[in-house]
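K.L.:
First, the structure itself, so that you have it in front of you.
Readers should treat all values here as calculations from the given coordinates under stated rules, not as data from a laboratory. Fair warning: this is a prediction, and the values are worked out from it, not measured in the lab. When we count neighbours, we look across all protein chains shown, and the Cβ atoms used for this are built from the backbone with ideal geometry, even at glycine.
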Amino acid sequence: MCSKKRCSYAEKPEVLQILNELLENGASAKKIEDASGIPHSQAHRHKKHCLIRFRSQEIRKRNEGFNPNQRLVTQWPDGRLILQADPAGLHTGEEITLADLEESDLILEVRFEDPPAIFKNPRIHSPERARDLAERENAERDTAKHFLN
């Protein structure tokens, strides 16, 4: 039986995973009992006491490798490197060189399909047009930022 300190399903990972998914997808404790045989009172207690704790642990594990001092750099198909964010969280949009990369930088590589998929936006007919529109929007945003500062 689940309690605030101990989960009775922790020793049964396959049951635990299915129970957590059912609860997260909105299944009622009664439906879980009807389908699996797990008493609805236990399913309810698990949801109340354990589910948040298990999901929080998963988030902590996922974030263990996160480095708040990493810079985010976008590498475009033409080889350009654009600094998107620095450790202070500022979006710079500056183009940098390979020599400017730091060991801790996180690089997002952009690749386009070949051949490109059909765009649903009627203003865009090709990846080049999409990039041109995006660059124009970035320039307009930069101009607006300049006037606001």
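K.L.:
Determine ³J(HN,Hα), in whole Hz, for all residues of region 55-60 in sequence, where each value follows from phi through the Karplus function 6.51 cos²θ - 1.76 cosθ + 1.60 and θ = phi - 60°; x replaces Gly and Pro.
P.N.:
3J(HN,Hα) across region 55-60, in whole Hz: 5, 5, 5, 5, 5, 4.
K.L.:
What is the gain in length, in nm to one decimal, between SER28 and TRP76 on full extension, counting 0.36 nm per residue of separation less the C-alpha to C-alpha distance?
P.N.:
Taking SER28 through TRP76 to full extension adds about 12.6 nm, to one decimal.
K.L.:
By how many nm would the segment from HIS49 to PHE112 lengthen if fully extended, with 0.36 nm per residue of separation less the alpha-carbon distance?
P.N.:
18.1 nm
K.L.:
List the aspartates and glutamates whose Cα sits under 20 Å from the Cα of LYS12, skipping any in the same chain fewer than 8 residues away.
P.N.:
GLU21, GLU24, GLU33, ASP34, GLU58
K.L.:
Extending each Cα 7 Å along its Cβ direction at GLU21 and LEU98, get the distance between those two points in nm, one decimal.
P.N.:
Using points 7 Å along Cα→Cβ, the separation is 4.4 nm.
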